[in-house]
Amino acid sequence: MNEQLRRAFEAAQQLSDIDQCAVAACIMERIREIKGIEEEPELIVDQSRPLSRQEFIEQLYREGTILNIPTRKPLTEEEETERARLSQALEGGKPLSEIVIEGRGPY
């Protein structure tokens, strides 16, 4: 992620829910313009009040903008086992921090 995009994302997180919705709508409109998409999907929005954070996330999921909704539930035993297996399979070598420092070269 480039620096400008990272800063924009961090700034957007500080906005209220209604402002985040407005920013997301502008971004989606601009993406449609860039891709040349003519049709705009119908948004199910109750105009009497702004969407809550959860409703906004669910709407993004229904539209296909995001792939999953974070649940913050603890992992099942199977998921824990799979993570442990993967961590053992991928362990070893240098830490990423050392690789990055080496890649910087001399000052």
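The values are calculated or read from the model by the stated rules, or taken from the named source; none is laboratory data. Because the structure is predicted, anything quoted here is derived from the model rather than measured. As a convention, Cβ positions derive from the backbone with ideal geometry for all residues, glycine included, and neighbour counts pool all protein chains shown. Remember, those area values only see protein heavy atoms, side chains included, never the ligands or the DNA or RNA. Shrake-Rupley method; radii C 1.70, N 1.55, O 1.52, S 1.80 Å.
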Picking from Arg83, Arg32, the residue that is open to solvent by less than 100 Å² (accessible area, probe 1.4 Å) and modelled with pLDDT of 80 or more would be Arg32
Taking interchain pairs and intrachain pairs at least six residues apart, which have beta carbon atoms under 7 angstrom, with the first residue in segment 1-30 and among the acidic types (Asp, Glu) and the second surrounded by 10 or more Cβ atoms within 10 Å (Cβ to Cβ) and assigned to a helix (DSSP H, G or I)? Asp17/Arg53; Asp17/Phe56
Could you look through segment 86-107, keep only residues that are in a helix (DSSP H, G or I) and open to solvent by 90 Å² or more (accessible area, probe 1.4 Å), and pick out the one that is modelled with the highest pLDDT? Gln88
Check Leu75, Leu51, Leu60 and return the single one that is modelled with pLDDT of 80 or more, outside any loop (DSSP other than H, G, I, E, B), surrounded by 10 or more Cβ atoms within 10 Å (Cβ to Cβ) and not charged (D, E, K, R). Leu60
Filter segment 63-72 for residues that are more than 13 Å from the chain's Cα centre (by Cα) and loosely packed, with under 10 Cβ neighbours inside 10 Å; which is farthest from Ala24 (Cα to Cα)? Arg72
May I ask you to list the residues in segment 11-29 that are of a type in the set (Asp, Glu) and either at pLDDT below 80 or part of a loop (DSSP other than H, G, I, E, B) (or both)? Asp17, Asp19
